[in-house]
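Reviewing the structure listed below.
The values are calculated or read from the model by the stated rules, or taken from the named source; none is laboratory data. The structure displayed is predicted, hence computed values, not measured ones. In this analysis, Cβ positions are derived from the backbone assuming ideal geometry, glycine residues included, and neighbour counts consider all displayed protein chains.
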Amino acid sequence: MSQLSGLNCYQPTCSMDALKARARLYQTIRDFFDKRDVMEVETPIISQAGVTDVHLASVRALRCIEGKERLQYLQTSPEFAMKRLLASGSGSIYQICKVFRDDEHGRKHNSEFTMLEWYRPEFDLKDLMHETADLLQSCLRHRFDDIRPMILSYKHAFQDRLEINPLQASLQQLKNTAQRVGLTLDLGDDRLAYMDLLFSHFVEPSLGFDTPVFLTDFPPEMASLAKVRIDEDGEQVAARFELYIEGLELANAYDELLDAQTLRQRFDADNLERKHQGLPQMPLDEYLLAALPNMPACSGIALGIDRLLMIATRQMRIDQVIAFPATIA
């Protein structure tokens, strides 16, 4: 006998209008890239390697391959597989796909969500910003007459709101700033965690209300799979940007790292930190590391389609734009 109660327990959390808006958005995105000769691709959502990032948790899955049970992982992004295609000569590519991040739920999060990811050989980050702005204009023209995002560095956004330079601040200075603004959470000696705490509470919520914002030049510790460069003040920064509209992070872009040895060192450092924090260590994607030396210079970006739909339809919760969130899937 069913344990479910209520006459409408089977129905989606979003409206039929939201489902139609999603279908229109997919068509707009595909038309946009078709006109620019960017090829749509499809790659597996399950892999033998998971993400090493300490702040992301891969969803684990057991499956049998040739009669042997193997622990594998649902993708947090199609990035690794798409880079293998780039290294094989695909040229410019994009993908609309499901991605998974374990135990991420809330107003802006669902552990299964939809991502648009694309890569542009020979594009630098400025080229990618222009293309992203053009895509936003196509997708959000009913909401905004003319989308011209402003560019703001991570450092200057921090200084404007908290009067501290995050690139130079010590752990103690970040702790003192958190206490000064009333954040009493004890994060131990995790400097990046304090930086993220301050950013999420005092910087991020103010971004992108007058106009969309491209936030650039992140701390080098946040480079992930991006190159590191020197900014106009002579400080090391990660060559990446994030897109914000109305306090919501929509996209994350990199000037892609092509040095396999450096990437392996970053993966190993992540796993050491995972061990330190009592988290499972993740197998490295050796296929990606083998492909990297053959990849063309390129920039790539991942954009959350569900959040873009929230902006497009003026919704405040992600479950208002997806049919069945994790709680009722």
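In the set 137, 173, 179, only one residue is under 30 Å from residue 90 (Cα atoms), over 17 Å from the mean Cα position of the chain (by Cα) and without any contact (Cβ under 8 Å) to a residue 60 or more places away in the chain; that residue is 137. Within the option set 104, 112, being closer than 19 Å to residue 249 by Cβ, at pLDDT below 95 and under 16 Å from the mean Cα position of the chain (by Cα) holds for one residue only, 104.
Every condition in (1) of a type in the set (Gly, Ala, Ser); (2) surrounded by fewer than 19 Cβ atoms within 10 Å (Cβ to Cβ); (3) on the phi > 0 side of the Ramachandran plot; (4) touching a residue at least 24 places away in the same chain (Cβ under 8 Å) holds for residue 206 except the one numbered (3). For the range 174-233, the set of residues classified as in a helix (DSSP H, G or I) and among the polar types (S, T, N, Q) consists of 176, 177, 179, 200, 206, listed by residue number. When 264, 274 are checked against the criterion of being touching a helix residue (DSSP H, G or I) at 6+ places or on another chain (Cβ under 8 Å) and either farther than 20 Å from residue 95 by Cβ or surrounded by 15 or more Cβ atoms within 10 Å (Cβ to Cβ) (or both), 264 stands alone in meeting it. Inspect the range 30-50 for any residue being aromatic (Phe, Trp, Tyr), in contact with a strand residue (DSSP E or B) (Cβ under 7 Å, 6 or more places away or on another chain), assigned to a helix (DSSP H, G or I) and surrounded by 12 or more Cβ atoms within 10 Å (Cβ to Cβ) and give the result as yes or no. Scanning the range 30-50, I find at least one residue that is aromatic (Phe, Trp, Tyr), in contact with a strand residue (DSSP E or B) (Cβ under 7 Å, 6 or more places away or on another chain), assigned to a helix (DSSP H, G or I) and surrounded by 12 or more Cβ atoms within 10 Å (Cβ to Cβ), so the answer is yes. Restricted to the range 73-94, and to residues there that are among the polar types (S, T, N, Q) and more than 14 Å from the chain's Cα centre (by Cα), the residue that is surrounded by the most Cβ atoms within 10 Å (Cβ to Cβ) is 92.
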